[in-house]
Structures are given as structure tokens and as C-alpha cells.
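For reference, the structure is listed below as C-alpha cells.
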Amino acid sequence: MIYYTQLIFVKKGLEADFNAFEAKVLPLLKDHGGDLMYRIRPHENDFIEASGELPYEVHLVSFPGKAHFEAYRDDPNRLAFMGLKNGSIEKAVLIEGVAI
């Protein structure tokens, strides 16, 4: 099992575009063995300590293996909506990991 944590920083005023992207692509996870374990939209008071900008959303997703993640990432049905994501986010930080 492989895990991906993504910190997503959305441009102010473009939250609806980002949410439209999510509504289209998150259901595709299951087609590739993915599981959206957590989708968190934290508030400022949820952070005990922070040294930088706070993310709009945090995702923790699992896949059976890296090839499953890559198939999801490269899925043409997902890629068709990347304009919504690319236009609505400042940046995203993707962290790959395993359970220890």
C-alpha cells in the first residue's frame, strides 16, 4: 500500500472551480484502486503551529501500488478537467509515503 498526502493551496475566489474539479475527479479514484481516506478543509484554529501559508484542503489517499496512482494521475477522464485545477490553485504539495 502506498499513501499520498496532498496540501492544496487554492486561489482566493476560485474555490468553486476547484470544488468542481474535485467533484469530477475524486470518483475516478476507485477505478484505480484508490481510497480517499481523508479530505480535510481545516480552519485556522485547527493548526497548533504553522510556519507558512495554510492549505485550503488536505487529502490523504491510498493506492495498492505506485502503478495504480500513476494510472489515476494519467487517466484521460481526469486529465480532461485539469484546466479547472490548474486555473484555481496557487500550488499543491504532494507527499508520497508508506505505513511504518
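The values are calculated or read from the model by the stated rules, or taken from the named source; none is laboratory data. Small disclaimer: the values here were computed from a predicted structure and weren't measured. All Cβ positions, glycine included, derive from the backbone under ideal geometry; neighbour counts span all protein chains shown. Only protein heavy atoms, including side chains, enter the accessible area calculation; ligands, DNA and RNA are left aside. Shrake-Rupley method; radii C 1.70, N 1.55, O 1.52, S 1.80 Å.
List of remarks:
- Probe 1.4 Å, accessible area per residue of the chain, Å²: 63
- Here the Karplus curve 6.51 cos²θ - 1.76 cosθ + 1.60, taken at θ = phi - 60°, turns the phi angles of the range 5-21 into couplings of 10, 10, 9, 10, 10, 9, 5, 4, x, 10, 4, 5, 5, 4, 5, 5, 4 Hz, with x standing for Gly and Pro.
- For the chain, the residue among VAL58, TYR3, LEU29 whose Cα projects farthest onto the positive side of the dipole built from Cβ charges is LEU29.
- The mean sequence distance of close C-alpha pairs (under 8 Å, at least 6 residues apart), as a share of the length of the chain, puts its relative contact order at 53 percent.
- Listed peptides 37-50, 74-87 by packing density, highest first (mean Cβ within 10 Å): 74-87, 37-50
- Test item: Cα-centred dipole of the range 18-100, Lys/Arg +1 and Asp/Glu -1 on Cβ, debye: 300
- Alpha carbon Rg of the chain, scaled by the compact-globule rule 2.2 N^0.38 Å: 1.09
- Over the chain: helical MRE at 222 nm, DSSP H runs n ≥ 4 each giving -39500 (n - 2.57), nearest 500: -8000 deg cm²/dmol
- Solvent-accessible area assigned to carbon and sulfur over the chain amounts to 55 percent, based on a 1.4 Å probe.
- With K and R counted +1 and D and E -1, the other residues having a Cβ less than 10 Å from that of GLU90 yield a net charge of +2.
- Cross-linked pairs LYS24/LYS91; LYS12/LYS66; LYS11/LYS85: Cα-Cα separations exceed 22 Å for LYS12/LYS66.
- Length gained on full extension, LYS12 to LEU54, computed as 0.36 nm times the residue gap minus the Cα-Cα distance: 13.9 nm.
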